[in-house]
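A.B. asks: Quick one: the structure is below, and I'll ask about it shortly.
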């Protein structure tokens, strides 16, 4: 059940809010502020992957943009026993002449950090991002 919340903000923020929403792909202010609040609170509570304790367990998505020729490295990473890959997707992006793979993963922060560092320092991998999933104590799954 939804509940209405209100808050005060500086005029400059209120005036900037429609642009922030649009740039983030939102058309609903409530959804934007809700998601921004959840993201901010989660980041503050758990911290950045770089600052997490090695043994902390988390889930999330790795996004890898790359050129052909590194598939063998991605294959070995998917079959690594350092963390679990629950799903994997590959897409060719003709407009940018790139490929993008997504891996939904879970494992220890230290193992995920090591994998991201390896990928980031691999020739022909253009960009690597990790988005940590929100950790809840209950929910749909």
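A.B. asks: Within segment 9-33, can you find the residues that are more than 30 Å from residue 139 (Cα to Cα) and surrounded by fewer than 11 Cβ atoms within 10 Å (Cβ to Cβ)?
C.D. replies: 10, 11, 12, 13, 14, 15, 19
A.B. asks: Among the candidates 80, 96, 76, 106, which residue alone is exposed (fewer than 13 other Cβ atoms within 10 Å of the Cβ) and either in the same structural domain as residue 17 (by TED's automatic domain parsing) or not in a helix (DSSP H, G or I) (or both)?
C.D. replies: Details: 80 fails: exposed (fewer than 13 other Cβ atoms within 10 Å of the Cβ); 76 fails: either in the same structural domain as residue 17 (by TED's automatic domain parsing) or not in a helix (DSSP H, G or I) (or both); 106 fails: exposed (fewer than 13 other Cβ atoms within 10 Å of the Cβ).
The unique qualifying residue is 96.
A.B. asks: Could you tell me whether segment 120-131 includes any residue that is at pLDDT 90 or above, over 17 Å from residue 65 (Cα atoms) and surrounded by 13 or more Cβ atoms within 10 Å (Cβ to Cβ)?
C.D. replies: So far as segment 120-131 goes, no, none of its residues is at pLDDT 90 or above, over 17 Å from residue 65 (Cα atoms) and surrounded by 13 or more Cβ atoms within 10 Å (Cβ to Cβ).
A.B. asks: Further question on the same structure: Is it the case that segment 72-81 has a residue that's touching a helix residue (DSSP H, G or I) at 6+ places or on another chain (Cβ under 7 Å) and within 20 Å of residue 134 (Cβ to Cβ)?
C.D. replies: Among the residues of segment 72-81, not one is touching a helix residue (DSSP H, G or I) at 6+ places or on another chain (Cβ under 7 Å) and within 20 Å of residue 134 (Cβ to Cβ), which makes the answer no.
A.B. asks: If a residue must be part of a loop (DSSP other than H, G, I, E, B) and either surrounded by 17 or more Cβ atoms within 10 Å (Cβ to Cβ) or modelled with pLDDT of 85 or more (or both), how many such residues does segment 47-72 contain?
C.D. replies: Pass one, segment 47-72, residues part of a loop (DSSP other than H, G, I, E, B): 47-48, 52-56, 67-70.
Right, trim to either surrounded by 17 or more Cβ atoms within 10 Å (Cβ to Cβ) or modelled with pLDDT of 85 or more (or both) and you get 52-56, 67-70.
Adding up the residues that qualify gives 9.
The values are calculated or read from the model by the stated rules, or taken from the named source; none is laboratory data. Note that the structure is a prediction, hence the values are computed from the model and not measured. Neighbour counts are summed over all protein chains in view; Cβ atoms, including those assigned to glycine, are modelled from backbone coordinates with ideal geometry.
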